[in-house]
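In what follows, a structure is listed as structure tokens, so that the remarks can point back to it.
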Amino acid sequence: MSSLPSELLDVVVDHLHDEPTPLKACCTVSKSWVPRARKHLFARVEFHVSGSNIGLWKMSFPDPSNSPAHHTCNLSIHGPQTITAADASEDGWIPTFRNVVLLEFSSMSLPSLLQFTVLSPTVRSLRLTDPPRQVFNLVDSFPLLEDLALVYIYQKSAADESDAPWTQPNFTRILNLRTFASPRLVTRRFLDLQGDLHLTEINAEFFNHDAESVTDLVSRCSGTLEGLTITYKGAFPIQLLWLTSTSPLLADITESGMLSLDLSSATNLKHLKLVQTGPSVGWIVRALQTVKSKSIQFIGIYPPITLPEREDVHREWQDLDNLLVQFWISHSIRPRVQYTVGGGKKDLRGRFPSLLPELTRRGLVDLVEI
């Protein structure tokens, strides 16, 4: 084995880049295999508070300069870890992660987060779950940031609305806004900024009470927008507890907060994905009617699992069918309608020939089993 060229051995190890168990076995074959295997084993490092594995990392690599941290591209820390100033010092363990491109944190305090600004020259993606309220000022610490994902699982309190002003962010490419509570805290920060917003991709997931702020953000960025994913959840979960899918009140609730999404100014739009969890697709039809982009390459529609037996809903779906066929003919793209069944939910497979007759006939409706 030792007579094989090192380049060939590297190919063997690289082939196992996403197989940690075989990679660990490679480390026991020969010392010459260790550096290449480490490159893949430590490409992603994840610390969890429950396992106290930051302490284990320090014990395993007491000399930070000899640790494999320089191989790490994705660094994740989950839980309220206490990161000290010494950890971020020149001799600490944080600066040794000098090639990190993606930083991911959850439930971290601001002082702990600030220690990672020493990695700012390389970080291009920042993913934060339940970040502290001062997170918007933290964003400015990463001058090369292109991708920001903010996930709010818990409803923010009124105190969060009184944060210090946020300066113009340095990133200009992507905003992934995913939330299980209220994204208004995020969108307000962007909408309050002076000048143009040059975001090329927005991924927004929200309930009807946040529709206005998300719609305004999309409109503000429409001049540079190339990718848009909207997941509209309709009524907030506590409202849904009192309603059934056939209730006439449900359509009123889901439509009441959704302003018309005007995409007529998004002339560079290439990728459009619209996800609806409620019964009505009327807002999707209205949004598609405003699309003027000649660059559109993909349109994906992801409808709800169950639908009420109502004439107005049936009519909306036929309007959607006609509109998507027009896009297919005029833009030479294949729009996709994808729906999910499983978990005891009502199967829509038998209903799509009547709801979307042309798309179904042309094989543009996909079924995803769960």
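Only the coordinates and a few stated rules stand behind these numbers; no lab work does. Keep in mind that what you see is a predicted model, and the values were worked out from it rather than measured. Cβ coordinates were reconstructed from backbone atoms using ideal geometry, including for glycine residues, and neighbour counts include every protein chain displayed.
Distant-in-sequence amide contacts of Thr231, defined by a placed amide H-H separation under 5 Å and a gap of 5 or more residues or a different chain, comprise Ala204, Glu205, Phe206, Val275. Measure out, as a whole number of angstrom, how far apart the alpha-carbon centroids of region 1-44 and region 79-158 sit. Between the Cα centres of region 1-44 and region 79-158 lies a distance of 31 Å. The packing ranking of peptides 89-97, 25-33, 213-221, highest mean first, is 213-221, 89-97, 25-33, where packing means the average number of other beta carbon atoms within 10 angstrom of each residue. Arranged from fewest to most other beta-carbon atoms within 10 Å of their beta carbon, Phe206, Phe298 become Phe298, Phe206. 5 Å is the cut-off here: which amide hydrogens, built 1.01 Å from N in the peptide plane, fall below it relative to Arg127, excluding neighbours closer than 5 in sequence? For Arg127, whose amide H was placed from the backbone, the distant partners under 5 Å are Leu103, Glu104, Phe105, Ala149.
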